[in-house]
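To start, the structure itself, in structure tokens.
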Amino acid sequence: MDTAKERDGVIDGGGYLDRVRQVYAGAALDPDAALCCVDGALRQLPGLVVPDRMLEMNYGCGSTVDPDDLGGGGPILYVGVGGGLEALQLAWFRRRPGGVIAVDPVPEMRREAERNLREAARLNDWFEPAFVTLLDGSAAALPVPDGSIDLVAQNCLFNVLMRDDLAAALREVRRVLVPSGRFVSSDPVTTRPIPQALRDNATLRARCISGCLSFDDYIAALVGAGFGEIQIRARRPYRLLLPIEHPELDEPILLLSLDAVARPVAPPDGPRVYSGRTATYRGPDAALSAGGFVFSRGMPMSVSDRTAAALQGRDEFMLTPPTWHVRAAGCC
Ligand SMILES: C[S@@+](CC[C@H](N)C(=O)[O-])C[C@H]1O[C@@H](n2cnc3c(N)ncnc32)[C@H](O)[C@@H]1O
């Protein structure tokens, strides 16, 4: 639970958001390979050559670029541009002026992203810098109209935000999305509570280490902002926090990188989170109705975590554990 001190957005008497901006101004001017980033997370796209400096400035925790989310063809909003890598990858799918809008409040970061995108245009025939519109703005006040965006993406920024700022940022995402839109999000989550002393360390927090929520709290924040359907795309080790580096710890804490896709829908039976569980009816009949859905005998159905919990303990169902790798919503 964040302290009142954190809720005010102030740690150790300094302005926390100012510290975040300082960290990223520094990371723009002097690329920092140890900042965020998960080994091997880069998505390869045919005919896309990524400038070296853009690669060095990959400050993402996972990936938010997935063809499954890009079918609609409408505008994409990317929050927290970094070196511009994912904005470029998203532009690969749109290929038109203004197809991607990228927002960042740190002038140094916007300047470097612009430079990287110009270099990308030199290396890639298909790309023009105008395909990405870079805007000054913050997650707390996105500079686009209500209901104007098909896809909002953010990578490794929201874990940095204080609890109240995170709630405000998620409300903003919800505000700008069209009703059929999607929010693609990648952040670290923690497997154990992080001691308050580490959470209060502004630099570690700004560097995507100590501000992250548990999986359940992360999902609850999405649900609280009105995202009633969430699919977990990926979940893998991100960092191991060790007492030798952080004396505040009495034992190691594993952080996981979580990629999720959230939709602003309201299923009649409440929010549905799909982590890759399946339920298979194995009883005497050809089919069985449960949770408003018909399960055919022997046919695994992708189900939400809530449905899986409701079926747990019923002998006529076989349940499988999460794969953490979901491509489409399940039945119920
Ligand atoms: C961890 S980096 C991630 C960059 C990029 N998403 C990537 O995957 O490489 C966080 C980014 O968010 C920007 N940022 C910091 N505070 C922000 C805010 N309040 N709103 C939007 N962006 C912010 C930083 O300047 C930086 O570009």
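Out of the residues in the range 87-133 meeting the condition of being in contact with a Leu (Cβ under 7 Å, 6 or more places away or on another chain) and open to solvent by 40 Å² or more (accessible area, probe 1.4 Å), tell me which one is nearest to Val144 (Cα to Cα).
Arg110
State yes or no: is Val144 among the β-branched types (Val, Ile, Thr), within 16 Å of the ligand (Cβ to nearest atom) and either surrounded by fewer than 19 Cβ atoms within 10 Å (Cβ to Cβ) or assigned to a loop (DSSP other than H, G, I, E, B) (or both)?
Numbers: among the β-branched types (Val, Ile, Thr): yes; within 16 Å of the ligand (Cβ to nearest atom): yes; either surrounded by fewer than 19 Cβ atoms within 10 Å (Cβ to Cβ) or assigned to a loop (DSSP other than H, G, I, E, B) (or both): yes.
Taking the combined requirement at face value, the residue satisfies it.
Select from the range 1-29 the residues that are away from the ligand (no atom under 16 Å from the Cβ) and among the small types (Gly, Ala, Ser) and write down the one among them that is modelled with the lowest pLDDT.
The extreme case among them is Ala4.
I need a count of the residues in the range 222-257 that are open to solvent by less than 20 Å² (accessible area, probe 1.4 Å) and free of Cβ contacts under 8 Å to residues at least 24 places away in the same chain.
Number satisfying all stated conditions: 0.
Considering only residues that are open to solvent by less than 40 Å² (accessible area, probe 1.4 Å) and either among the aliphatic types (A, V, I, L, M) or within 30 Å of Leu170 (Cβ to Cβ) (or both), which ones fall in the range 262-287? Talk me through it step by step, then tell me what you get.
Restricting attention to the range 262-287, the residues satisfying the condition of being open to solvent by less than 40 Å² (accessible area, probe 1.4 Å) are 262, 264, 267, 270, 273-276, 278-281, 283.
Answer for the range 262-287, where residues must be open to solvent by less than 40 Å² (accessible area, probe 1.4 Å) and either among the aliphatic types (A, V, I, L, M) or within 30 Å of Leu170 (Cβ to Cβ) (or both): Ala262, Pro264, Pro267, Gly270, Val273, Tyr274, Ser275, Gly276, Thr278, Ala279.
In the range 160-189, which residues are open to solvent by less than 10 Å² (accessible area, probe 1.4 Å) and closer than 24 Å to Ala27 by Cα?
Val160, Met162, Ala169, Val184, Ser185, Ser186, Asp187, Pro188, Val189
I need the full set of residues from the range 40-87 which are within 11 Å of the ligand (Cβ to nearest atom) and assigned to a helix (DSSP H, G or I), in order please.
Across the range 40-87, the qualifying residues are Met54, Leu55, Glu56, Leu85, Glu86, Ala87.
Okay, residues lined up against (1) touching a residue at least 60 places away in the same chain (Cβ under 8 Å); (2) farther than 26 Å from Ser180 by Cα:
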| site | (1), (2) |
| --- | --- |
| Val49 | yes, yes |
| Arg53 | yes, yes |
| Met57 | no, yes |
| Ser63 | yes, no |
| Asp68 | yes, no |
| Gly72 | yes, no |
| Leu77 | yes, no |
| Ala91 | no, no |
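Please state which one of Ala329, Ala260, Ala308, Ala279 is among the hydrophobic types (A, V, I, L, M, F, W, C), assigned to a loop (DSSP other than H, G, I, E, B) and touching a residue at least 24 places away in the same chain (Cβ under 8 Å).
Values: Ala260 fails: assigned to a loop (DSSP other than H, G, I, E, B); Ala308 fails: assigned to a loop (DSSP other than H, G, I, E, B); Ala279 fails: assigned to a loop (DSSP other than H, G, I, E, B).
When all the criteria are applied, what remains is Ala329.
The values are calculated or read from the model by the stated rules, or taken from the named source; none is laboratory data. No experiment lies behind these values; they were computed from the predicted model shown. A quick note on method: Cβ atoms are made from the backbone with ideal geometry, for glycine too, and the neighbour counts reach across all protein chains shown. We work out accessible area using only protein heavy atoms, side chains counted, and drop any ligands, DNA or RNA first. Shrake-Rupley method; radii C 1.70, N 1.55, O 1.52, S 1.80 Å.
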